[in-house]
There are 2 protein chains.
Amino acid sequence: MEQATRRSTIADVARAAGVSKAAVSFAFNTPERLSTDTVARIRDVASGLDYRPDPVARMLAQRRTWTVGILTPQALDVIFSNPYFGEFAAGVATAAEAAGLAVQFISPLHGSLARAVDRASVDGIIAVGLGADHPEIGQIRRSGIPYVLVDSTALPDEPAILVDDESGARAAAAHLVNLGHRSFLVIGIEPPSAGAGAEPAWVTSRRLRGYRAAAADAGIAIQDDVVVLGPASMEGGIEAFQRAWADGQRPTAVLAMSDAMAIGALRAARELGLRVPADLSVVGFDDLDVAQYTDPPLTTVHQPNRQKGEEAVRLVIDGGPRRKSPEPAQHQFATHLVVRGSTAVVPPSRQEVPDDRS
Amino acid sequence: MEQATRRSTIADVARAAGVSKAAVSFAFNTPERLSTDTVARIRDVASGLDYRPDPVARMLAQRRTWTVGILTPQALDVIFSNPYFGEFAAGVATAAEAAGLAVQFISPLHGSLARAVDRASVDGIIAVGLGADHPEIGQIRRSGIPYVLVDSTALPDEPAILVDDESGARAAAAHLVNLGHRSFLVIGIEPPSAGAGAEPAWVTSRRLRGYRAAAADAGIAIQDDVVVLGPASMEGGIEAFQRAWADGQRPTAVLAMSDAMAIGALRAARELGLRVPADLSVVGFDDLDVAQYTDPPLTTVHQPNRQKGEEAVRLVIDGGPRRKSPEPAQHQFATHLVVRGSTAVVPPSRQEVPDDRS
DNA sequence: ACGGTCCAGTAAACCGGTTTGCTAAACCGT
DNA sequence: ACGGTTTAGCAAACCGGTTTACTGGACCGT
């Protein structure tokens, strides 16, 4: 029997208060259209019935969901395990809250991102790490929902949040070069889908270009065989370092493309009896909160993770009802190197005699 | 002019295909009700118009949102910055994805949790860290949405996910006692709202009871003046440790109620020139992923963060249409101590002579 | 006494789907 | 040829709000 006591609707309130549905709606949304005492009476009756407007019905009628979606090609569980992502999401959340928007995560549903996008009821989409070539972005564009691409070198006319990866990476490598390092190991982020790794837009390619430029300035080449790839996690960092070590590599410095991987490398090195930074220098990328807390504190390339999130929300919000400004609406943030304790001059035993090419 | 090319609706498709709206709906949801070729034709027309059923309209009609909400009293930005939360959310996401549900975060909107709850369109709510006394849980219960309380000693008849805090804490303290420690500093988690800290249900109280029980077994009392509170973050840990130190405390062991705070304590201690674990032992709580990567690796109390999230989803799902089982639907997970490198025997200089009470 | 503004509130259309009868035709066995 | 059962599809109600156009009365100045 007990039919779960159906929640009261606007019609119930209207009936009970002896007014029309419209009046009830006005009482909550535009009280100035009603006399003060009518409003009071309606609100009274409503709270007596503990009426709560159904958010879904409201969304349908207003054709607004008051929600922004964060879209990622990875499964949510890997996303949430990734502190880089957490910091970005924190930024999104801050700006969304300020704008009165809820945050929803859109990630592959039963393996299909496309399906997830269809199911998602959002007013705007923040797509992170999604190449501009991904089919889903076509789908999003067609759907007419405002969107912004984050961390994916986008077509020049796509709204996007970017970061100056190349000069950040360059600064990192230059720092090591100045400390006398000549023998590097690069730990890169493997692309989500095989094959995409070759494309120059992928973050690993961009950063690698920076590393190489700085090395080239000192007359050194970073060959492909000293770059090793893995997932952007601490485990990934351990694994990558161990693989390189087993491969016979004995670098004096590690250039990791994510702090998480750098932390993994730190640990792997320690387990091999290497002291950081005395025997090995390590520099990361991202400047996560934890980077200050590692031992030694991590030298890394700073990028404004939270700010990126906030700015993404802003872009997507006023990309809304037919973007006002005709400009591309892209935003590139600067990066800079933060020198902490994980880098030092190259150990004397490993110092290379300057060659007499000059 | 250009009216943003209104998306095509079910009516458009019906018209174009020369069938009724119902037929279109059937073609997608219950194709067996239509002849195969009609289905094919409708689908064809639909994809030609690139029709995509409006998820909001669907939600309204079905009265299901296919979404679970994670509700927290803290603002989203602090949530996302907290790795403990990330791991829990990862668990939720895993189970939600498996069940075909989206995940939405519900947190104070413009400072009001109640408002956020009203706005949220979800089929179930996972409330974390929300005391059973919080007014919002009354609101949720009245709304009729299935819910589950996490990490908050609930009334016995509330669906809840719990963890055996007390015995975990007890094991941690017992470990230190066995190593000869007698002088402790307890770093606890400060309650979200002032005043709630006194209640015995608060997590800090539960864990403190465990610590005290183990200490009492060895005839030592942990007085209130050696417990210091702060937010559950690395900064909070630093701050708490420094405060205690400034206060003149010189413990040989730290019992931190969260790994994040333990990491902060680790750093603060190092900055004061203390070696861990030689001069100071530290044990955390949570067993976050990072706990394995600190230096030294952190001895801590393990709790199954991800599993908690998964189980929460399960409970909330089948708490759905009038819960089948009449039982309370609570689930308590066990905890256990994981000994790693941050604890060691008390330094000789600090060893207390056993008193001759015996 | 009269036309014009305001004011308070209403009726009905609408948002875009789903779902419940219902019907007409096809099929069936006898 | 006939009643009974499927089958394929339709019309209309419904989900629970918002919003637009309209109305009747009060108030206003002249």
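For the reader, a short list of remarks on this structure follows.
- Whole-Å semi-axes of the stretch A:1-92's equivalent ellipsoid (Cα gyration tensor): 39, 18, 12
- Taking every residue in B:77-87 and counting other chain Cβ atoms within 10 Å of its Cβ, the average works out to 6.
- For B:Ala102, distant residues with modelled amide H under 5 Å away: B:Thr67, B:Val68
- DSSP bridge pairs, the stretch A:201-358: antiparallel proportion in percent, nearest 5: 30
- Ranked from shortest, the separations from the 7 Å Cα-to-Cβ label point of B:Glu235 to its equivalents in the other copies are 3.1 nm.
- Computed label-point distance, nm, for sites B:Arg142 and B:Phe333 using a 7 Å Cα→Cβ extension: 3.3
- Two tests apply to each whole DSSP H helix in chain A, Cα reach of 15 Å or more along its axis and mean Kyte-Doolittle hydropathy of at least -0.5, and the ones passing both are A:36-48, A:83-98, A:165-178, A:234-246, A:259-271.
- Dipole magnitude for chain A: about 1140 debye, using +1 per Lys or Arg Cβ and -1 per Asp or Glu Cβ, origin at the Cα centre.
- For peptide B:116-125, the mean count of partner chain Cβ atoms within 10 Å of a residue's Cβ comes to 3.
- Our note on the geometry: Cα centres of the stretch A:207-225 and the stretch B:209-264, 48 Å apart.
- For the peptide A:270-276, the mean number of other protein chain Cβ atoms found within 10 angstrom of a residue's Cβ is 1.
- Peptide packing: for B:118-125, A:12-19, B:136-143, the average count of neighbouring Cβ atoms within 10 Å per residue gives the ranking B:118-125, A:12-19, B:136-143, highest mean first.
- Position A:Asp50: other-copy label points at 4.5 nm, ordered by increasing distance, label point 7 Å along Cα→C-beta.
- Once you reduce the stretch B:51-118 and the stretch A:92-146 to the center of their Cα atoms, the two points are 14 Å from each other.
- Structural descriptor for chain A: relative contact order 17 percent, calculated from alpha carbon pairs under 8 angstrom and at least 6 residues apart.
- Values of log10 I(q)/I(0), in the order q = 0.09, 0.11 Å⁻¹, for the protein assembly as shown under a Debye, Cα-only, solvent-free model: -0.90, -1.23
- Antiparallel content of DSSP bridges confined to the stretch B:1-139, in %, to 5: 10
- FRET efficiency for the A:Asp224 to A:Arg350 pair, using the beta carbon distance and R₀ = 25 Å, is estimated at 0.65.
- The alpha-carbon atoms of the stretch A:194-310, seen along their principal axes, cover 39, 33, 31 angstrom, with the largest extent given first.
- Sorted fewest first by neighbouring Cβ atoms within 10 angstrom, A:Met234, B:Met261 come out as A:Met234, B:Met261.
- Beta bridges per DSSP, both residues in chain A: antiparallel share near 10 percent.
- Neighbour-count order for A:Ser20, A:Ser167, A:Ser81, B:Ser342, fewest beta carbons within 10 angstrom listed first: A:Ser20, A:Ser167, A:Ser81, B:Ser342
- Scattering profile of chain A at q = 0.10 Å⁻¹ [log10 I(q)/I(0), Debye over alpha-carbon scatterers]: -0.70
- Axis-proximal residue of chain A for the rotation onto chain B, reported as residue and distance in whole Å: A:Asp295, 2, based on Cβ position.
- Straightening the chain between A:Leu272 and A:Asp247 buys 7.6 nm, computed as 0.36 nm per residue apart minus the Cα-Cα spacing.
- Reachable aspartates and glutamates from A:Lys308, criterion Cα separation under 14 angstrom, eight or more residues apart if same chain: A:Glu87, A:Asp151, A:Asp164, A:Asp165, A:Asp286, A:Asp287, B:Asp77
- Spin-label model, A:Ala22/B:Asp44: points 7 Å from Cα along the beta carbon direction are separated by 4.6 nm.
- Comment: the Cα-to-Cβ extended label point of B:Arg33, at 7 Å, lies 3.6 nm from its counterparts in the other copies, nearest first.
Readers should treat all values here as calculations from the given coordinates under stated rules, not as data from a laboratory. Values in this document were obtained by computation on a predicted structure and should not be read as measured data. Every residue, glycine among them, receives a Cβ derived from its backbone with ideal geometry; neighbour counts consider all protein chains shown.
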